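Have a look at the structure below before the remarks.
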Amino acid sequence: MSRMNIEERRAALVDAALRVIARDGVAAASTRAIAAEAGMPLASFHYAFESRDALLRAAVVKVTDIDYGHAEAGFHSIITDPALFSEVSLEELIRLTFDAYLESLVNDPGREQAMLELSLSSMRNPSLEHLPAEQYATYYQSALRVMAEWEEVAGITWSMPTTQIAQAVVIVLDGITTNWLATRDTESVRATLPGFAAMFAAIADTNT
């Protein structure tokens with residue numbers, strides 16, 4: 001561990017925190033437990049992060065970047081293939097984005113379970129009560145980035161304020177997440193995606 005630079009230490013501690021939270025809950029994610037999970041001395045934690053709250057904020061940002069990164073990757077796999085892109089509608093692009101998010105959830109459920117646990121537990125903890133609002137602010141910004149890609153590639157504008165649509169996107173993804181975590185029925189959840197895609201496509205105005 002002594003050879004790790006500061007960014008590598010932070011990344012390792014964030015990953016360790018997510019594992020601890022997914023396995024044992026937020027209450028168990030003490031600085032000592034997180035450092036032990038990462039295989040680091042406690043001093044390494046305090047060298048990398050000024051506080052446990054700072055680490056948890058970094059965990060929120062990382063998970064959000066991973067989730068929306070997977071969604072964007074699914075989207076880009078279509079738009080960079082001319083043969084596929086010429087046949088794909090805006091509605092289908094949106095569905096593929098949601099489907100890529102679902103796949104990322106299926107492939108790493110512990111990550112999303114940890115975030116759900118963090119959000120709910122923080123509401124009852126005065127020292128962490130600010131985290132859910134920060135968490136969702138990060139989600140909304142990521143949703144706005146994805147929407148901007150839909151807008152640019154499909155040549156559309158939105159008939160509603162983008163901040164409202166971004167909130168709706170996050171609400172849909174929350175529903176997908178909690179439904180799948182509860183049921184683990186991937187195909188049932190996937191069957192809902194075309195309806196959500198149609199809903200968002202319906203509030204787009206074509207520019208051409």
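The values are calculated or read from the model by the stated rules, or taken from the named source; none is laboratory data. The model shown is predicted, which means the values in this text are computed figures rather than measured ones. Every residue, glycine as well, gets a Cβ built from its backbone with ideal geometry; the counts of neighbours run over all protein chains shown.
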Notebook entry, point to check: Which of the residues belonging to region 1-37 are over 20 Å from residue 109 (Cα atoms) and in a helix (DSSP H, G or I)?
Noted result: 6, 7, 8, 9, 10, 31, 32, 33, 35, 36
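More than 13 Å from the chain's Cα centre (by Cα) and among the charged types (D, E, K, R): does that describe residue 145?
Details: more than 13 Å from the chain's Cα centre (by Cα): no; among the charged types (D, E, K, R): yes.
So residue 145 does not fit the description; no.
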Check: Residues in region 164-205 that are touching a helix residue (DSSP H, G or I) at 6+ places or on another chain (Cβ under 7 Å) and over 24 Å from residue 113 (Cα atoms): how many?
Finding: 8
Margin query: Could you check region 35-50 and list, in sequence order, the residues that are aliphatic (A, V, I, L, M), surrounded by 19 or more Cβ atoms within 10 Å (Cβ to Cβ) and either without any contact (Cβ under 8 Å) to a residue 40 or more places away in the chain or in contact with a Cys (Cβ under 7 Å, 6 or more places away or on another chain) (or both)?
Written below: 35, 38, 40
Item checked: Test: residue in region 22-32 that is under 18 Å from residue 135 (Cα atoms) and without any contact (Cβ under 8 Å) to a residue 60 or more places away in the chain -> yes
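Select from region 123-182 the residues that are of a type in the set (Asp, Glu) and surrounded by 12 or more Cβ atoms within 10 Å (Cβ to Cβ) and write down the one among them that is farthest from residue 90 (Cα to Cα).
First, pick out the residues of region 123-182 that are of a type in the set (Asp, Glu): 129, 134, 149, 151-152, 174.
Now drop any that are not surrounded by 12 or more Cβ atoms within 10 Å (Cβ to Cβ), which leaves 134, 149, 151, 174.
On the way: 134: 30, 149: 11, 151: 9, 174: 22 Å.
Here the answer is 134.
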Next item on the list: Scan region 141-167 and report the pairs whose first residue is assigned by TED's automatic domain parsing to the domain that holds residue 201 and assigned to a strand (DSSP E or B) and whose second residue is at pLDDT 90 or above and exposed (fewer than 11 other Cβ atoms within 10 Å of the Cβ), with Cβ atoms within less than 8 Å and a gap of 6+ or a chain change.
Entry: none
Item checked: Every residue from region 128-185 that is over 25 Å from residue 55 (Cα atoms), in contact with an Asp or Glu (Cβ under 9 Å, 6 or more places away or on another chain) and not aliphatic (A, V, I, L, M) -> 149, 157, 158, 159, 162, 179, 180
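Going through region 168-196 one residue at a time, which ones are part of a helix (DSSP H, G or I) and within 14 Å of residue 109 (Cβ to Cβ)? Write out each step before concluding.
Looking only at region 168-196, we keep the residues that are part of a helix (DSSP H, G or I), and these are 168-183, 186-190, 193-196.
Across region 168-196, the qualifying residues are 176, 177, 178, 179, 180, 181, 182, 183, 186, 189.
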